[in-house]
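Take a look at the structure set out below.
The values are calculated or read from the model by the stated rules, or taken from the named source; none is laboratory data. Just so it is clear, the model here is predicted, and its values are computed rather than measured. Cβ placement follows ideal geometry from the backbone for every residue including glycine, while neighbour counts extend to all protein chains displayed.
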């Protein structure tokens, strides 16, 4: 799906930074995009969201080399994997899907503010309905269920977006959470047999990568969304998330816990 978004961006003449963990795959996508789009302003940078050292190195390079950053798409994700931890000891799904994007956004927020108007798009999912934020066992060390842990990370994406909108008010930086739909990508690679069988049943109703990218593109460029920061979107329109995803108190607690886990100070107002 990310390749589709790059095709769109390239067609507008934008300068694109591909932040990728697997550089070999990135090079193949890079060549294909340049051939199909004709845009040569595409850059590949190494980024591993499961390692805060890699995130900090990437952000430092971008902050030093780029004069402006108008759109940050936090698109990376891992789904329903066996229990494992990131390089920093975070449960993998929460660590990559939420904390990785939280830290990356924090490190790039000054550049985004200087580039305003700018936008942050966080890829969430309807799977946020599966999760709850378990503050006293955020790394699922006492009780791990891959589906619930994925739901927790996707719920965290929406709560993070909601907090960003409040804390970035009047800065010219807006934030949006997106459910792209059930898209035919490699995200399902960790599914068990039962889920794979169910996937085959629902596959005719799933989206192609082109279709799945549309809501992200919509939130990245639609002019009328300038005044709609903090919303949750699906099928290129505002959608309704769960009550848990609209919990201001939990959003603030999650923000504080995320800062503590990452060892950062971020009140959102600087």
Please go through segment 134-168 and pick out each residue that is farther than 20 Å from residue 241 by Cβ, part of a helix (DSSP H, G or I) and free of Cβ contacts under 8 Å to residues at least 60 places away in the same chain. 136, 137
Quick one: how many residues across segment 88-119 are within 19 Å of residue 48 (Cα to Cα) and touching a helix residue (DSSP H, G or I) at 6+ places or on another chain (Cβ under 7 Å)? 14
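Is one or more of the residues making up segment 146-159 under 20 Å from residue 72 (Cβ atoms), touching a strand residue (DSSP E or B) at 6+ places or on another chain (Cβ under 6 Å) and crowded, with 21+ Cβ neighbours inside 10 Å?
Here is the first cut: in segment 146-159, the ones under 20 Å from residue 72 (Cβ atoms) are 153-154, 156-159.
Pick out the ones that are also touching a strand residue (DSSP E or B) at 6+ places or on another chain (Cβ under 6 Å) and you get 157-158.
From the residues that got through so far, the ones that are crowded, with 21+ Cβ neighbours inside 10 Å too are 157-158.
Yes, segment 146-159 has at least one match.
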Checking residue 40 against (1) under 15 Å from the mean Cα position of the chain (by Cα); (2) assigned to a loop (DSSP other than H, G, I, E, B): exactly one of these is not met. Which one? (1)
Quick one: how many residues across segment 232-266 are crowded, with 16+ Cβ neighbours inside 10 Å, without any contact (Cβ under 8 Å) to a residue 60 or more places away in the chain and part of a helix (DSSP H, G or I)? 1
Can you tell me how many residues within segment 10-34 are at pLDDT below 85 and either closer than 21 Å to residue 101 by Cα or not in a helix (DSSP H, G or I) (or both)? 3
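Within the bounds of segment 173-189, is there any residue that is exposed (fewer than 15 other Cβ atoms within 10 Å of the Cβ), touching a helix residue (DSSP H, G or I) at 6+ places or on another chain (Cβ under 9 Å) and modelled with pLDDT of 55 or more?
Going residue by residue through segment 173-189, those that are exposed (fewer than 15 other Cβ atoms within 10 Å of the Cβ) are 186, 189.
Imposing the further condition that a residue be touching a helix residue (DSSP H, G or I) at 6+ places or on another chain (Cβ under 9 Å) reduces the set to none.
No, segment 173-189 contains no residue that is exposed (fewer than 15 other Cβ atoms within 10 Å of the Cβ), touching a helix residue (DSSP H, G or I) at 6+ places or on another chain (Cβ under 9 Å) and modelled with pLDDT of 55 or more.
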Is it true that some residue in segment 198-208 is surrounded by 18 or more Cβ atoms within 10 Å (Cβ to Cβ) and either modelled with pLDDT of 95 or more or assigned to a helix (DSSP H, G or I) (or both)? no
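Within segment 59-85, track down each residue that is within 17 Å of the chain's Cα centre (by Cα) and either outside any loop (DSSP other than H, G, I, E, B) or farther than 20 Å from residue 132 by Cα (or both).
Taking segment 59-85 and keeping what is within 17 Å of the chain's Cα centre (by Cα), we get 59, 69-80.
Residues satisfying the conditions are 59, 69, 70, 71, 72, 73, 74, 75, 76.
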What is the one condition in (1) buried (at least 24 other Cβ atoms within 10 Å of the Cβ); (2) more than 18 Å from the chain's Cα centre (by Cα) that residue 136 does not satisfy? (1)
Under 17 Å from residue 71 (Cα atoms), surrounded by 14 or more Cβ atoms within 10 Å (Cβ to Cβ), modelled with pLDDT of 95 or more and touching a helix residue (DSSP H, G or I) at 6+ places or on another chain (Cβ under 9 Å): which single residue out of 163, 229 fits that description? 229
